[in-house]
Structure formats: structure tokens, C-alpha cells
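Right, one structure below, let's go through it.
The values are calculated or read from the model by the stated rules, or taken from the named source; none is laboratory data. Everything numeric in this text was worked out from a predicted model, so none of it was measured. Please note: Cβ atoms are built from the backbone with ideal geometry, for glycine as well, and neighbour counts cover all protein chains shown. Surface areas here come from the heavy atoms of the whole protein model, side chains and all, with no ligands, DNA or RNA. Shrake-Rupley method; radii C 1.70, N 1.55, O 1.52, S 1.80 Å.
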Amino acid sequence: MMPIYKIKYLSLVLFFLSTLEGLSQQSIFSLINKKDTVNIYQEMLNDQSDDLMENHPAEDIYNNIWTSLKINPYKIPIDSLPDSVRIDCSNFVVPTHGYVTSQFGPRRYRYHYGIDLKVEVGDTILAAFSGKVRIIDYEGRGYGNYIVIRHDNGLETVYAHLSVVLVSLNQTVKAGELIAFGGNTGHSTGPHLHFETRYIGNAINPANIINFNTGLVYEPTYLLTKKKSFYYQREVKAVQVARYYSVRKGDNLGQIAARNGTSVNALCRMNGIKTKTKLQLGQRLRIR
Ligand SMILES: [Zn+2]
């Protein structure tokens, strides 16, 4: 679709030129003839096709979706992924040499879709593979300052809790290029890099691909398989056992939600209540 402002602009030009036909031949504007109109139109088309032709890495497997609004805008369930894909990891550069402080996997309240690596504030963070910056954002209660890069090899990587971001949106980066300084922003209890590897939105344990002791990949080509690479869905089901809480004096939904790592909306949904429902002492609320 041609953007509306361009259509408006084009119709203005056409209208303007059509009114000129009746004007004096001496008018400087008469120099603009219909040929120019065609040229202007052609230019707009070229401009438009430039927009369409702008290359984003691995566009085919990402169904031409390129947005900075969400980490996983693709909503491709693991079941619909191909059974196996070969991912070229030969140009990998470890983002930081910090040791692992927290592994990928289930945590008490929220699944950990990445791996945590120790850094000091200001340590350099490097792009893991070549690609293009898809998201730069800040999330106060989560990732803090973070970057998402789409790579030529089909993976996307996430770098979170950064102190300073050194790249811009849609910037092309090379593997090993300096992209940020490590930090402690967002939900973080000490400076670290939260690092994720994803394939069409679905997280893979980075430790399956990367040996964080050596800072090298295990294999130059990672064989991603639906069964082995995405076991977390099964684990999520296993950790989501229902848990309950008995309402105490002075409790309200907001406090209960905050103390139990959930939200008021989730509590309302799980318990079939409204945000304004009065809680009774001793009432059993499902919190998970
Ligand atoms: Zn983390």
C-alpha cells in the first residue's frame, strides 16, 4: 500500500499541474509538464519498492514480519515448526566472557527463557552473530534496557539489563560488533547480561548451542530439532501446578498478586472474581 501522505501529495501535484494548463505560458511553473508528473510518480513507486525491498535477515522464515513492538510477534506454536533446521553458527562470537549465574529453565514463578552471565556495569556486550537490530526498548519491571537482533542464520538474540545501548534500530551489525555496555537495569538483582536465543519467537536454551566455559559454539552448525530444542513447553506444564493462598487480615488483591509473582488480572481470571470483589478472611484464592 502506498502511504496516505504520498497519495495526498501525488493528488496535490496532479491538481496543481492541471490548474496550470490554463495559466500563462511564461509562468515558470509551465516548465513542469506531464512528463515530470510521470517522473514524480515513478519516483514514488521506486521509493515504495525500496521500502518493500529493504532487506531483513531470514525474511522468508519470518514470513516478512519485522516489527519493533514485540519480542515474539510471530505466534508460531512449536508444533508448527519444521522438525529440524540447520543453523549456521560458524561466525559466533560470545557476547561476554562472564560466567553463568542462572541457567535457562523453570524458576519459581516465571520460566527463565534465557541464561544469565555475570558482567560488571560498563562491560562490553558484543553481537553474537551478524544481523540487524529489530528492537531497542526499555522494560522497567523486566528486561530493563534491551536489544533484539535478527540474524542471517535465522536465530534472534536478546540482550537485557544493559546500561547503555550503542546501536540504533534497523542497524546492521557484524558478529562480534560492540552493541552495548552491560548493566543492572530493569528487574535485576545485580549486574548481569540476560541472553536469549530464539527461533521464530520460541526460546532455545543458549547452553545447547554455546559452551559458556570456552565462549565457543559446540558445533559450527546447530541442528535445531522440534523435539530436542524446545523441551520447555513440557516443563512449563509441569511447573504450573495450582497453588492457593488464604486471605489474611488487611490483604488486598494488589498485595497478594505482588507477593506471589502474579497480577491482579490473573488472580481475577483464576478465581472468577472482579478487581473490586471484597475478599473474605480465610478465603482460598488460587494464585497459580
Ligand atoms: Zn535472566
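Here are some conditions: (1) without any contact (Cβ under 8 Å) to a residue 40 or more places away in the chain; (2) open to solvent by 30 Å² or more (accessible area, probe 1.4 Å); (3) touching a Lys or Arg at 6+ places or on another chain (Cβ under 8 Å). Residue 187 meets all but one. Which one does it not meet?
(1)
Residues checked against (1) farther than 20 Å from residue 194 by Cβ; (2) of a type in the set (Ser, Thr, Tyr); (3) open to solvent by less than 70 Å² (accessible area, probe 1.4 Å); (4) within 16 Å of the ligand (Cβ to nearest atom):
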| position | (1), (2), (3), (4) |
| --- | --- |
| 70 | no, no, no, no |
| 105 | no, no, yes, yes |
| 110 | no, no, no, yes |
| 119 | no, no, yes, yes |
| 122 | no, no, yes, no |
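Residue by residue through region 252-272, note down the ones that are open to solvent by 30 Å² or more (accessible area, probe 1.4 Å) and free of Cβ contacts under 8 Å to residues at least 60 places away in the same chain.
252, 254, 255, 258, 259, 263, 264, 265, 269, 270, 271, 272
Please find, among 146, 159, the residue that is within 14 Å of the ligand (Cβ to nearest atom), more than 24 Å from residue 216 (Cβ to Cβ), outside any loop (DSSP other than H, G, I, E, B) and modelled with pLDDT of 95 or more.
From the options 146, 159, the qualifying one is 146.
Filter region 181-199 down to residues that are over 16 Å from residue 126 (Cα atoms) and either within 9 Å of the ligand (Cβ to nearest atom) or modelled with pLDDT under 95 (or both), then give me how many there are.
Adding up the residues that qualify gives 3.
Take the residues of region 76-103 that are open to solvent by less than 20 Å² (accessible area, probe 1.4 Å) and either outside the structural domain of residue 143 (by TED's automatic domain parsing) or modelled with pLDDT under 95 (or both): which is nearest to the ligand (Cβ to nearest atom)?
So the residue we want is 78.
Between 223, 162, which is surrounded by fewer than 14 Cβ atoms within 10 Å (Cβ to Cβ) and out of contact with any Cys (no Cβ under 7 Å at 6 or more places or on another chain)?
Step by step, each of 223, 162 is checked, and only 223 is surrounded by fewer than 14 Cβ atoms within 10 Å (Cβ to Cβ) and out of contact with any Cys (no Cβ under 7 Å at 6 or more places or on another chain).
Can you tell me how many residues within region 129-155 are over 8 Å from the mean Cα position of the chain (by Cα), surrounded by 20 or more Cβ atoms within 10 Å (Cβ to Cβ) and not hydrophobic (A, V, I, L, M, F, W, C)?
Number of matching residues: 10.
Mind counting the residues in region 171-184 that are open to solvent by 10 Å² or more (accessible area, probe 1.4 Å), touching a Leu at 6+ places or on another chain (Cβ under 9 Å) and either part of a strand (DSSP E or B) or of a type in the set (D, E, K, R) (or both)?
Residues flagged as open to solvent by 10 Å² or more (accessible area, probe 1.4 Å), touching a Leu at 6+ places or on another chain (Cβ under 9 Å) and either part of a strand (DSSP E or B) or of a type in the set (D, E, K, R) (or both) within region 171-184 amount to 3.
Of (1) crowded, with 17+ Cβ neighbours inside 10 Å; (2) more than 16 Å from the ligand (Cβ to nearest atom); (3) not acidic (Asp, Glu), residue 168 satisfies all except one. Which?
The single condition residue 168 does not satisfy is (1).
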